[in-house]
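Here is the structure we will look at, set down as structure tokens.
Any read-out appearing in this document is the output of simple, stated calculations on the displayed coordinates, not a laboratory observation. Worth saying up front: this structure is predicted, and the values here are computed from it rather than measured. All Cβ positions, glycine included, derive from the backbone under ideal geometry; neighbour counts span all protein chains shown.
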Amino acid sequence: MNSIPTAGTDDSDVTITVCPDGPLLVRGAARILDPDGNPIGHDRATVALCRCGRTSIAPFCDSSHKRKRRRP
Ligand code: FES
């Protein structure tokens, strides 16, 4: 029977918080990989991953999601 894994309690835990209309906040020792599987370095305990597609520092959020879209 398949089950949804539950989080452990040690320091290696990673949590991902979905911000409404914003990034995914990744806390913990997560490895972030590019589409080819190469690690993307970062030196923060918490990183914000863009999910709106407007960032200029992909895959990280640069707060561009806060800007209102212009009408075409
Ligand atoms: S979620 Fe922040 S720039 Fe995309």
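The table for this structure:
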| quantity | calculated |
| --- | --- |
| Residues that are within 25 Å of residue 67 (Cα to Cα), out of contact with any strand residue (DSSP E or B) (no Cβ under 8 Å at 6 or more places or on another chain) and free of Cβ contacts under 8 Å to residues at least 40 places away in the same chain, drawn from segment 12-47 | 20, 44 |
| Residue list for segment 13-72, restricted to those being among the aliphatic types (A, V, I, L, M) and more than 12 Å from the ligand (Cβ to nearest atom) | 14, 16, 26, 29, 30, 32, 33, 40, 45 |
